[in-house]
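Okay, structure first, notes after.
The values are calculated or read from the model by the stated rules, or taken from the named source; none is laboratory data. These figures come from a predicted structure and were not determined experimentally. Because the Cβ atoms are built from the backbone with ideal geometry, glycine has one as well, and the counts that use them run over all protein chains shown. To get the accessible areas, we keep the full protein, side chains included, count just its heavy atoms, and leave off ligands, DNA and RNA. Shrake-Rupley method; radii C 1.70, N 1.55, O 1.52, S 1.80 Å.
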Amino acid sequence: MFVGGEWIDSADGRTFEVETPAKRGKVVAHVPRSGAADVDRAVRAAAAAFPAWRAVPARERGRALLRIADDVDAKVEELARTLATETGNAIRTQARPEAKNVADVFRYFGGLGGELKGETIPLGENMFSYTRREPFGVVAAIVPWNVPIQIAAWKIAPALVAGNTVVLKPSANAPLAVLELARICEAHLPKGVLNVITGTGEEVGTPLAEHPLVAKISFTGNTETGKAILRLAADRIVPVTLELGGKSPQILFPDAASDSTVDGVIAAMRFARQGQSCTAGSRLFVHKSVYDGFLDRLAAKLATFKVGDPLDERNDMGAIVSAQQFEKVTSYIEDGARQGGARTVIGGPPPTDGPLAEGYYVEPTVFANVQNEWRIAREEIFGPVLVAIPWDDETEAIRMANDTHYGLAAYVWSNDITRALRTAHALNAGWVQVNQGIGQVVGQPYGGFKESGLGRENSLEGMLDGFTQRKSVTINLTP
Ligand code: NAD
């Protein structure tokens, strides 16, 4: 782990295994298993580094991030291979683009040092009042495993340019590429400005969220974990940003039932990442008039998907991250297959023999004639499972789309601009895309409505609102 500028083991010497999902039981690394003592050491290192780091001019802090971006560019292949190995995400379609994206994120925030501006407030001729954007201090950043270095970068880069120091906790499923990213950062940051500690949610995440020297928590993960963190933060009134789960709708109007929409729906569902995306458009509402034909074309396209070894450049899709997630996804698929009235359009329970049975592979699965009330339509599966629901009335389609406690993303497919925008505005989601299903682009404020989150990150506004606090200074100028 990386604490106070040193590479260390956990205080009690414990470790845990990191397995590659490409092959059951194949351990690829042993990583320190931290506890509360390690958390304390890391937070103290970050607190000690804070006064000097906040005093570095913001543009100079930004220049450090720009140098990190250049080094990430030079290490894209190493990062991509590590990511593919530990997460199971296919190298060509997922892991390499993620590594490249990390450089973009550091470059974007590296240019924002000059934006940490304040205002002057006209309180009268005899008073001079101005605001400052000040860093919080130690930021606890807790990240999941699905795109580990991308989400780590979304937190490290804005926190650091704003003058905070960071203790980052990666998921126990995917700590390796995050540690490599820390190695890249090490060359450009003073000791203690960035710290990365590894371990489980209970043994590291909880003491980190509770630590009295942590001044801000930025969390990405499951909604239930987010609630637990919010409760811990309430005790100390610590500001929290939460990027949580989703069960995002896609609404398909009949005029857009084209081949390009088939590709767009597949991209929005993040099939190439085994559906392991918070923004996966996993509920597809298709107009009745085009329902059967569209699902046939969708299935035909998904049948061409090559599933297999994430390190093989030919594969479109890799493996589910862990045995635990694999079991969870499988149980949802079995639930869908058992559901009376549902039709399996493609996929189904994972293969039990042949090469795919050697790892945690699940093929793209689509269930048709699903009802919005069913468990497979309500709960976040976080696997390659799409449910398709027919509709014939626009108001009803929007009602069903909004009938969820989540509100992260949504997708509208229509070539009628009035209808598309009317629908986009009616959907309760933090990010609606029309006629595309791409991933987040840095610079776009991103976050969830309802139980999908609190706050916005990934943007100038996200950096200002999420990683600084405003101070007013008011001066008496009476002669
Ligand atoms: P998770 O909540 O289990 O874990 C996320 C992180 O929190 C991990 O580092 C974990 O070790 C830590 N953690 C777990 N329990 C904790 C506790 N009690 N206290 C403190 N920390 C704890 O989530 P996951 O399974 O790693 O990731 C999948 C989830 O993340 C999905 O729900 C997905 O939608 C969500 N996600 C959201 C976004 C977003 O931007 N909104 C992005 C990616 C993933």
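What is the extension gain from His30 to Ala300, computed as 0.36 nm multiplied by their sequence separation minus the C-alpha to C-alpha distance, in nm to one decimal?
Details: separation 270, 0.36 × 270 = 97.20 nm, distance 4.16 nm.
Taking His30 through Ala300 to full extension adds about 93.0 nm, to one decimal.
Considering the dipole of region 205-334 built from charges on the beta carbon (Lys and Arg +1, Asp and Glu -1) around the Cα centre, which of Ala267, Gly293, Gly226 is farthest to its positive end? Highest projection toward the positive end goes to Gly226. Between the alpha-carbon centres of region 350-375 and region 136-198 there is a gap of 34 Å. Put the Cα centre of region 284-317 next to the Cα centre of region 6-65 and the gap is 39 Å.
Annotation: His405 carries an accessible surface of approximately 80 Å², with a 1.4 Å probe and no ligand, DNA or RNA atoms counted.
Rounded to whole numbers, the Karplus 3J(HN,Hα) couplings from phi for region 282-297 are 8, 10, 9, 9, 10, 4, 3, 5, 10, 4, 5, x, 5, 5, 4, 5 Hz, using 6.51 cos²θ - 1.76 cosθ + 1.60 with θ = phi - 60°, and x at Gly and Pro. Amide hydrogen proximity for Arg270: with H placed 1.01 Å from N in the peptide plane, the residues at 5 or more positions away or on another chain lying under 5 Å are Gly281.
Taking amide hydrogens as placed 1.01 Å from N in the peptide plane, the amide H of Leu386 sits under 5 Å from those of Thr365, Val366, Phe367, each at least 5 positions away in sequence or on another chain.
Enter the angle in degrees (range 0 to 90, nearest 10) between the Cα long axis of helix 323-338 and the first principal axis of the Cα atoms of the chain, meaning the one along which they spread out most. Once rounded, the angle reads 30 degrees.
Sum up the charges of everything whose Cβ sits under 15 Å from the Cβ of Val473, counting Lys and Arg as +1 and Asp and Glu as -1, but leave Val473 out. Could the numbers behind the result be given before it?
On the way: positive: Lys117, Arg132, Arg133, Arg470, Lys471; negative: Glu119, Glu134.
Net of charged neighbours comes to +3.
According to the square roots a ≥ b ≥ c of the eigenvalues of the Cα gyration tensor, what is the shape class of the chain, taking rounded for a/c under 1.5, prolate for a/b larger than b/c otherwise, and oblate for the remainder? Oblate, since a/c reaches 1.5 and b/c is not below a/b.
Pro349: net charge of surrounding residues, Cβ under 14 Å, Lys/Arg +1, Asp/Glu -1, itself excluded? Please list the in-between numbers first.
Details: positive: Lys328, Arg338; negative: Glu327, Glu334, Asp335, Asp353, Glu363.
Neighbourhood net charge equals -3.
Which shape class applies to region 171-259: rounded if a/c is under 1.5, otherwise prolate when a/b exceeds b/c and oblate if not, where a ≥ b ≥ c are the square roots of the Cα gyration tensor eigenvalues? Here region 171-259 falls in the oblate category. For Gly245, the amide hydrogen comes within under 5 Å of the amide hydrogens of Thr223, counting only partners 5 or more places away or on other chains and with H modelled in the peptide plane. Note on Glu334 and Arg236: the model spin-label points, each 7 Å out from Cα along the C-beta direction, lie 4.2 nm apart. Residue-wise HN-Hα couplings along region 41-49, as the Karplus relation 6.51 cos²θ - 1.76 cosθ + 1.60 with θ = phi - 60° gives them from phi, are 4, 5, 5, 5, 4, 5, 5, 5, 7 Hz; Gly and Pro carry x.
Positive-end ranking of His30, Ala141, Ala48 along the dipole of region 22-162, with charges on Cβ about the Cα centre, is headed by His30. Counted over the chain, the DSSP beta bridges are approximately 40% antiparallel.
Counting only helical runs of four or more DSSP H residues, what would the 222 nm mean residue ellipticity of the chain come to if each run contributes -39,500 (n - 2.57) and the total is spread over all its residues? Spell out each step's value before the answer.
Numbers: 15 runs with 177 residues, N = 479.
Estimated from H runs of four or more residues: -11500 deg cm²/dmol.
Which number do you get for Rg(Cα) / (2.2 N^0.38 Å) in region 276-381? Can you show the working numbers first?
Values: Rg = 14.2 Å, N = 106, 2.2 N^0.38 = 12.9 Å.
So the Cα radius of gyration is 1.10 times the expected 2.2 N^0.38 Å.
The radius of gyration of the Cα set in region 42-189, together with its Dmax, comes out at 17.4, 64 angstrom. Less than 14 Å apart at the alpha-carbon level, and either on another chain or at least 8 residues along: which aspartates and glutamates does that give for Lys328? Excluding near neighbours in sequence, the set is Glu379, Glu380. Start at zero, step by 5 Å, and the Cα-Cα distances of region 197-307 spread as 2, 11, 17, 15, 11, 8, 9, 9, 8, 7, 3, 0 percent across the bins. Heavy-atom accessible area for Thr15, with the other protein chains in place and a 1.4 Å probe, reaches approximately 80 Å². Model label points for Ile475 and Ser289, set 7 angstrom from Cα along the Cα-to-Cβ axis, are 6.8 nm apart.
Surface listing: Arg14, Arg183, Arg270, Arg59 arranged by accessible area from highest to lowest gives Arg59, Arg183, Arg14, Arg270, probe 1.4 Å. Straight-line cross-link partners of Lys100 among the lysines, defined as a Cα under 22 Å from its Cα and at least 8 positions apart when in the same chain: Lys75, Lys155, Lys169.
Accessible surface computed residue by residue for the chain, with neighbouring protein chains in place and a 1.4 Å probe, gives 39 Å² per residue.
In order along region 232-243, the phi-based Karplus estimate (6.51 cos²θ - 1.76 cosθ + 1.60, θ = phi - 60°) of 3J(HN,Hα) comes to 4, 5, 4, 4, 10, 6, 8, x, 9, 10, 10, 10 Hz; Gly and Pro are listed as x.
Looking at region 366-436, what % of the alpha carbon pairs are farther apart than 15 Å? Let's see the in-between values first.
Working: 1432 of 2485 pairs.
So the portion of pairs separated by more than 15 Å is 58 percent.
Within the shell defined by Cβ-Cβ distances under 14 Å, the residues around Asp12 carry a net charge of -1, with Lys and Arg each +1 and Asp and Glu each -1. Distance from the alpha carbon centroid of region 220-257 to that of region 410-440 works out to 19 angstrom.
Given a 1.4 angstrom probe, I'd like the percentage of the accessible area of the chain that is carbon and sulfur, rounded to a whole number. Please list the in-between numbers first.
Working: 9520 of 18580 Å².
Percent of accessible area from carbon and sulfur atoms in the chain: 51.
With only the Cα atoms considered, region 109-192 has a convex hull volume of 117 Å³ per residue.
When all protein chains stay in place and ligands, DNA and RNA are ignored, the 1.4 Å accessible-area order of Arg67, Arg378, largest first, is Arg67, Arg378.
About the Cα centre, and with charges only on the beta carbon of Lys, Arg (+1) and Asp, Glu (-1), how big is the dipole of region 168-281? Nearest 20 debye, please. Kindly include the intermediate steps, with their values, before the conclusion.
On the way: 10 positive and 11 negative charges, 63 e Å.
Here the size comes out at about 300 debye.
Rounded, prolate or oblate: pick one for region 281-342, where a ≥ b ≥ c are the square roots of the eigenvalues of its C-alpha gyration tensor, a/c under 1.5 means rounded, and failing that, prolate if a/b is larger than b/c, else oblate. It is oblate, given that a/c is not under 1.5 and a/b is not larger than b/c.
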